[in-house]
Each structure stands twice: as C-alpha cells, then as structure tokens.
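Student: Structure provided below as structure tokens; questions to follow.
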Amino acid sequence: MTVKTLKDLFIHGLSDVYSAEKQLTRALPRLARAATTPELRQAFEQHLEETQGQIERIDRLVENSELRLKRVKCVAMEGLVEEGREQIDEIEKGAVLDAALIGAAQKVEHYEIATYGTLCALAKQLGLDEAAKLLDETLQEEKATDQKLSKLALQQVNEKLAA
C-alpha cells in the first residue's frame, strides 16, 4: 500500500491492527492452555472475548465510514506471537512459563497501546470523531489488560517464584 496522505497512514495503521487482532484471536487460546495459574488462564480467556469485541468495533468503524481496510499482515504481531510460541515450546510448564507468558502478553499489549494511541490521534486529526471514540474504547481496554497482567505477575506468579 502506498502511503501518501494522513488518511492513507490511518487506513494502513487500522488495517495493520486489524490483522494483529485477528492473529491474537488465534494465539490467545494457546496461551490459555499453556498457563498453569488459573487466574492467568482466565485472563487470557477474557482477553480473547475482548479481542473479538475489538475486531467487531473495527468492523463497525469501517461500516460507519467511507474507509476500506487494505489486506496487510501485521509482521510485528506475527513476531510477538512466534516469540510466545517458542516460550511455550522451550519452558517447562509451571510458574516460570507463566511468568514468561505474562511478559509475552505484555509485549503484545504495549504494541497495541502504542498502535491504538497513534490511531486515536490520527482519527482526531482527520476529524473522524466517531472513529476516535471507538478506537479510544479499545485503547482503554488494552491499558486495563496490561494493568491486570502486571497485578497477576506481582500477586500470583512472581510470588511463587520467589518462595
């Protein structure tokens, strides 16, 4: 996709994060199965539902506007998902793997926070107020998930490792 305008940049970013969210819906069940801490498993399952809602939100954004998504593959998410897959394959199931899974998931969340923050700013700049509102809803969910993962790490997983 050739990016020449701010609107092109917005469409490219939106298309990229759409791909990222789709990839994440395939990765989260694997993370949930690998988690040994019930609260972590539940967090991954809950985030899968949230991610599906975020995809629907992007669909709604596109339907309510003149925007058309492009077919792109988010290579950043592809790499983050692969890193998580490698950890599942290489680390014995238990608290250390749970800690690694939380780290991998937080890398994903930080990527999404940066992406949705940028998209919100671009939407506002382009006067796409409804799009900015929808994207900000997702941004707030991503921030909340990151905080939840940090809390799980501190109160559940890392305590087991320190003992």
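The values are calculated or read from the model by the stated rules, or taken from the named source; none is laboratory data. Just so it is clear, the model here is predicted, and its values are computed rather than measured. Please note: Cβ atoms are built from the backbone with ideal geometry, for glycine as well, and neighbour counts cover all protein chains shown. Only protein heavy atoms, including side chains, enter the accessible area calculation; ligands, DNA and RNA are left aside. Shrake-Rupley method; radii C 1.70, N 1.55, O 1.52, S 1.80 Å.
Student: For the chain, find the longest principal axis of its Cα atoms and tell me its angle to the long axis of helix 38-63, 0 to 90°, nearest 10.
Tutor: 10
Student: Given 0.36 nm per residue, what is the gain on full extension from residue 63 to residue 121 after removing their alpha carbon distance, in nm? Can you show the working numbers first?
Tutor: Working: separation 58, 0.36 × 58 = 20.88 nm, distance 2.03 nm.
That pair, residue 63 and residue 121, stretches by 18.9 nm at full extension.
Student: Once you keep just the Cα pairs under 8 angstrom separated by 6 or more residues, what percentage relative contact order results for the chain? Don't skip to the end; give the middle numbers.
Tutor: On the way: 168 pairs, mean separation 46.7, N = 163.
With pairs under 8 Å counted, the relative contact order is 29 percent.
Student: What is the total of Lys pairs in the chain with C-alpha atoms under 13 Å apart, excluding same-chain pairs fewer than 8 positions apart?
Tutor: Working: 7/70; 7/124; 22/73; 107/143; 124/133; 143/151.
Close lysine pairs found across the chain: 6.
Student: Roughly how many nanometres apart are two label points built 7 Å out from the Cα toward the Cβ at residue 71 and residue 151?
Tutor: For the pair residue 71/residue 151, the computed spacing is 4.2 nm.
Student: If I compute solvent accessible area with a 1.4 Å probe over the protein chains, what percent of it on the chain is carbon and sulfur? Before the final figure, lay out each step's value.
Tutor: Details: 4300 of 8730 Å².
Accessible surface attributable to carbon and sulfur in the chain totals 49 percent.
Student: To the nearest 10 degrees, how steep is helix 129-152 against the longest Cα principal axis of the chain, on a 0 to 90 scale?
Tutor: The angle comes out at about 10 degrees.
Student: Can you work out the accessible area per residue across region 79-144, with the rest of the protein chains kept in place, probe 1.4 Å, in square angstrom? Numbers along the way, then the final one.
Tutor: Details: 3150 Å² over 66 residues.
About 48 Å² of surface per residue is accessible.
Student: Residue 22 versus residue 140, label points 7 Å from Cα toward the beta carbon: distance in nm?
Tutor: 2.8
Student: Could you rank 128, 14 by how accessible they are, 1.4 Å probe, largest area first? Could you put the intermediate results ahead of the total?
Tutor: Working: 128 50, 14 0 Å².
Correct descending sequence by accessible area is 128, 14.
Student: Near the amide H of residue 70, under 5 Å away, which other amide H atoms are found, from residues 5 or more places off or on another chain, if H is placed in the peptide plane?
Tutor: 15
Student: Can you pull out the GluC sites (Glu not before Pro) in region 24-97 that DSSP calls coil and that have at most 12 other Cβ atoms within 10 Å? Don't skip to the answer; put the middle values down first.
Tutor: Details: sites: 39, 45, 49, 50, 56, 63, 66, 78, 82, 83, 86, 90, 92; in loops: 66, 92.
Loop-located and lightly packed - 66, 92.
Student: Work out, step by step, the length gained on full extension between residue 45 and residue 85: first 0.36 nm times the residue separation, then minus their alpha carbon distance; give nm to one decimal. Walk me through the intermediate numbers first.
Tutor: Details: separation 40, 0.36 × 40 = 14.40 nm, distance 1.68 nm.
Extra length from residue 45 to residue 85 when fully extended: 12.7 nm.
Student: Give me the orientation-averaged projected area of the Cα convex hull of the chain, in nm², one decimal.
Tutor: Details: hull surface 36.7 nm².
The number I arrive at for the chain is 9.2 nm².
Student: OK, next. Using the Kirkwood radius over C-alpha pairs as Rh, can you work out the diffusion coefficient of region 2-48 via Stokes-Einstein at 20 °C, viscosity 1.002 mPa s, in µm² per second?
Tutor: Details: Rh = 12.3 Å.
Diffusion coefficient, whole number: 174 µm²/s.
Student: For the chain, the longest stretch holding no trypsin sites (Lys or Arg not before Pro) located in a DSSP loop with at most 15 other Cβ atoms within 10 Å is which? Before the final figure, lay out the partial values.
Tutor: Working: sites that count: 4, 68, 70, 71, 73, 93.
It runs 94-163.
Student: Helix 6-34 versus the longest principal axis of the chain: what is the Cα-based angle in degrees, 0 to 90, to the nearest 10?
Tutor: Between helix and principal axis, roughly 20 degrees.
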